[in-house]
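*Asks:* Pasting a structure here, questions to come.
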Amino acid sequence: MKLSIDLDTNVRILFQRQLPNPSAIELLFEAVTDFHIVPSPIGYVSTIFEGKIAKIDDNFIWSENSEWKPNSNDFTNSWISSKSLKWRDVSSWIGNSKRYGLLHD
């Protein structure tokens, strides 16, 4: 068993939209420092109408709400904070297929 003392948690999220160029992107958050995910309630759609990505104090922050600010004590929104952020166009993944684990396009 190996136990790391580094920030070794990564999060990948797939976003899809109904417009081309790109129609799907994958965000890879590396060295996650904080995250809070709020699922949509039953009976509501899971559409994200706006969001933001910002670099604040050496962290990349994604939030589903463009008005959300770190340390706001607002736990009604989803957000992720990490030391590194990568993205790629994965438009070929568009559709209902589930994507888990290591994927190679």
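The values are calculated or read from the model by the stated rules, or taken from the named source; none is laboratory data. The model shown is predicted, which means the values in this text are computed figures rather than measured ones. A quick note on method: Cβ atoms are made from the backbone with ideal geometry, for glycine too, and the neighbour counts reach across all protein chains shown.
Okay, residues lined up against (1) surrounded by 10 or more Cβ atoms within 10 Å (Cβ to Cβ); (2) not aromatic (Phe, Trp, Tyr):
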site: Leu19; (1), (2): no, yes
site: Phe35; (1), (2): yes, no
site: Ile80; (1), (2): yes, yes
site: Arg88; (1), (2): yes, yes
site: Trp93; (1), (2): yes, no
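Residue by residue, here is whether (1) in contact with a Gly (Cβ under 8 Å, 6 or more places away or on another chain); (2) closer than 16 Å to Ile13 by Cα; (3) in a loop (DSSP other than H, G, I, E, B) holds:
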{"position": "Lys55", "(1), (2), (3)": "no, no, no"}
{"position": "Trp62", "(1), (2), (3)": "yes, yes, no"}
{"position": "Ser66", "(1), (2), (3)": "yes, no, yes"}
{"position": "Lys69", "(1), (2), (3)": "no, no, yes"}
{"position": "Ser72", "(1), (2), (3)": "no, no, yes"}
{"position": "Thr76", "(1), (2), (3)": "no, no, yes"}
{"position": "Ser84", "(1), (2), (3)": "no, yes, no"}
{"position": "Ser97", "(1), (2), (3)": "no, yes, yes"}
{"position": "Tyr100", "(1), (2), (3)": "no, yes, yes"}
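*Asks:* So, one more: If you go through segment 26-40 one residue at a time, do you hit one that is in contact with a strand residue (DSSP E or B) (Cβ under 9 Å, 6 or more places away or on another chain) and free of Cβ contacts under 8 Å to residues at least 12 places away in the same chain?
*Replies:* no
*Asks:* Could you please tell me which pairs satisfy a Cβ distance under 9 Å, a separation of 6+ or placement on different chains, a first residue in segment 77-105 that is among the β-branched types (Val, Ile, Thr), and a second residue that is in a loop (DSSP other than H, G, I, E, B) and at pLDDT below 80?
*Replies:* Sorted first by the residue in segment 77-105, then by its partner, the pairs are Val90/Arg99; Val90/Leu103; Val90/Asp105.
*Asks:* Also, I was wondering about something else. Just give me the residues in segment 42-64 being exposed (fewer than 15 other Cβ atoms within 10 Å of the Cβ), more than 11 Å from Ser78 (Cβ to Cβ) and not hydrophobic (A, V, I, L, M, F, W, C), in sequence order.
*Replies:* Scanning segment 42-64 gives Gly43, Tyr44, Thr47, Glu50, Lys52, Lys55, Asp57, Asp58.
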